[in-house]
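The values are calculated or read from the model by the stated rules, or taken from the named source; none is laboratory data. Just so it is clear, the structure is predicted and the values come from calculations on it, not from any experiment. Positions of Cβ are backbone-derived with ideal geometry, glycine not excepted, and every protein chain shown enters the neighbour counts. With ligands, DNA and RNA removed, areas are computed over all heavy atoms of the protein, side chains included. Shrake-Rupley method; radii C 1.70, N 1.55, O 1.52, S 1.80 Å.
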Amino acid sequence: MATIHPSAIVDPKAELDSTVEIGAYSIIGAHVSIGAGTVVGPHVVIEGHTTIGRDNKFFQFSSIGAAPQDKKWAGEPTRLEVGDRNTVREFCTFNLGTAQDAGVTRLGSDNWISAYVHLAHDCQVGSNTIFSNNAQLAGHVHVGDWAILSGYAGVHQFCKIGAHAFVGMYTSLTQDVPPFVLVSGNPAGARGVNIEGLKRRGFTREQIDGVRSAYKLLYRSGLTLEQAKGALLQAQTDTPEAAGQICAMREFLDGATRGIVR
């Protein structure tokens, strides 16, 4: 049986693995499912149709699975899904999805979510990301694996951030960020490739050089976006050691909906 502090309120319909821990004064709603090894600290509210995986750690004062901050939401049974091994620090807010999108907000696995982070309705966040304090996502934002958002970064609704991208502190982001790209500023501007991050994740020198060449095609060659996509297609053939990374960048550009950061 789950370890539940006497002051916590857990709806009898909630599904808790026997190894779950619920801290003092926390509230767990009827439609919540929490997987093995997850620890919910004190004064945490988890509600809505929320599914949480294994070995997560929720620190105090977070609001997880509350109604979306969207006037169009009319009480539909939309969802929040959280994966495994996430660390969620103090005062975070994760909202349910809406019927106008996929109906679900998702956070993958192995993410480090610092204090005061907001994941709005219908956000889709991958795995192994880092969100520093006060990073804020508006609705419908997509964030790829291994992306990093620095403190106080703000992301406009419907933006996409590619895998391994880096968003600098206090950045105001209103357009899409291709994979591997480092952006900062208000408004945001592309500043180069996230080289240090790629090194830490074991990318080879050849792969990093390929990404840098792709970045130059996209940002330094004077080509239009459509021309750059064609050049990237050719670069996949010319640099086979980095073909996977260049392909990821080109495919991201095909799906960009708000234009890319320049």
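A few notes on this one:
- Radius 14 Å from Cβ of Ile148, net charge of other residues (Lys, Arg +1; Asp, Glu -1): +1
- Placing a pseudo-label 7 Å from each Cα along the Cα-to-Cβ vector at Arg220 and Asp17 gives an inter-label distance of 4.7 nm.
- Considering only Ala214, Ala165, Ala243, the mean-square fluctuation computed in a Gaussian network model of the chain, springs between alpha carbons under 10 angstrom, is largest for Ala243.
- Remark: relative contact order (the stretch 52-99) = 57 percent; criterion is Cα-Cα distance under 8 angstrom and separation of 6 or more residues.
- Using alpha-carbon coordinates, inclination of helix 225-238 to the longest axis of the chain, degrees: 80 degrees
- Integer Hz, Karplus 6.51/-1.76/1.60 couplings in order for the stretch 59-74, x for Gly and Pro: 7, 5, 6, 8, 10, 10, x, 6, 4, x, 8, 9, 5, 6, 5, 10
- Computed extension length for Ser33-Gln234: 67.6 nm, one decimal, from 0.36 nm per residue of separation with the Cα-Cα distance subtracted.
- Taking 30 Å as the limit for the C-alpha separation, the pairs Lys71/Lys160; Lys160/Lys199; Lys13/Lys57; Lys72/Lys229; Lys160/Lys216 exceed it in the case of Lys72/Lys229.
- Accessible-area rank, largest first, for Met1, Met169, Met249: Met1, Met169, Met249, with all protein chains present and a 1.4 angstrom probe.
- Options (i) 1.09; (ii) 1.13; (iii) 0.97 - which one matches Cα Rg over 2.2 N^0.38 Å as calculated here: (i)
- Local charge for Lys160 was computed over the other residues whose Cβ lies under 11 Å away, with Lys and Arg +1 and Asp and Glu -1, and equals 0.
- Computed lengthening from Tyr170 to Gln157, 0.36 nm per intervening residue step minus Cα-Cα distance: 3.0 nm
- Of all DSSP beta bridges confined to the chain, the antiparallel ones make up roughly 5%.
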